[in-house]
Each structure stands twice: as C-alpha cells, then as structure tokens.
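Here's the structure, in structure tokens; my notes come after.
Derivation of every value follows stated rules applied to the coordinates shown; laboratory data play no part. Quick caveat, the model's predicted, so the values are computed rather than measured. Here Cβ is always computed from backbone atoms with ideal geometry, including for glycine, and neighbour counts include all displayed protein chains.
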Amino acid sequence: MLGAIGATCAFPFAGDELYGQHVHTTLAQTPAPGPYAPAFFTPAEYASLSRLTDVIIPPTDTPGAAAAGVPEYIDRVVTLNAEHQPLIRAGLLWLEQQAKSRYSREFLRLEEADHIAILQPLSDEIDRQQRGAQRGRFRIEGGLDSRAVYYVALTDKDPPFDSRAKALAQGRPASTPPVALDADPAMPVRFFRLMKNLTADGYYTSRVGLLQELGYTGNTALAKFPVCSVPEH
C-alpha cells in the first residue's frame, strides 16, 4: 500500500528533486562494492533510512529500494541540499519516538505491520492533500450557465493537517482530546512526502528500477514504426 507511489508523487518529479539529472558522477544509482559510508546521516540514521525505503518500495520479485541503492542516493541528495537536512533528521527522530512510545522498541526492530501502522496515516494524509489540491486548483466563477465563466487558480499550498490526521500521526484515537503538538505539527507528513518522492526518484532512475522493474531496454533502433489503426489519426 505504501509502495503505491504513483498516486502520491507522480513521475517526473519537480526539477529540484531530480539531482541525478545534474550530478551524474556523484549520484550513481548502482551500489558501490563494500559498505557505503554515509556523508550526512549517522550510522543509526542511515540504517533507519534504509529500512524506511524498503517499507516504501519493498522487495518482491524484483529488489527493493535498499538493494537498488536508494539510501545511498538519498544520502548524497540530502548532503547537497541543506533545506532537506533538518526535515529528514527530524522525521527520522520522530519515527524512533513513535516506535518506542507505541511498541517500546527501536524502529529497526519493529515488524512490517508496525511500520505500516505508523506510516499509513501519513500516507493517507498525503493522498488527501493531493486530492484536495487537484480539486481546488481551479474553481469556476459565474456558474456553468453564465457567459461570465472563468477559472481562478487557487493556492498551491497544502491543505491544513486536520485534527484527525494529527491524532492518527500521534498514535492516539481521533476522538481523544487534543494534546500539545510540536511547533510544526505537519512535520511528519512533510517528511514522509519527501521520503516517498526521493525513494521513487532514486528507485526508478536506478538500474534495478529502470531495467528490472520498468523493463526499459534503452534506445532501440526500429526498422519501421507500427501503423496506427485509429481512423482520426
């Protein structure tokens, strides 16, 4: 469920997220031989990051995100982008706090179902925000039967992180009274949105994601092009 990237972060991504398009030599997607030494993350953070990417794109009949070199890719991207650093670090800390408060264990020691229980509310909220943004991008002024019909673009800012989503992200029932939140209560959702974007970006530009998962075979010379049978074409 969490791996259904298409509905949340459609490819291609925004230009500022496609670092692999700009720094090919330093953002290679094939894992280097031997253990990778992260440049930004601590070893503990990098281990949690690796597990999180595999929750987002788990191994199936093709390798998952971690085996595709996505954690290394994210480390290189975050190292080059200071804007991402506090959000990623705060999000990983939040995951650890959730794991310990809910299950009295570290994030890495949780079962897959526990990981999903923590992350699913965030994924649902991301989907809700995207649907709201799509519905609210334009509104009709003047009514459908009026000659004065025109479209007004609305804000691209995310809808507010509503009280139910806040409750779910904190691991408490939505009906319970509100509790004190962090200075940025939407931080977990922003963190997970960024993680899904970076994971999908890294995976589907990796050799594993591009060749094995998507079946891309490169620029193939065609002796002829198939004939289009659609009459209007």
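Key figures for this structure:
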read-out: The stretch 96-121-the stretch 187-223 distance, computed between alpha-carbon centres (Å); value: 26
read-out: Most to least packed among 67-73, 83-89, 221-227 [average Cβ atoms within 10 Å]; value: 67-73, 83-89, 221-227
read-out: nm² value of the averaged projected area, convex hull over the Cα atoms of the stretch 40-104; value: 4.7
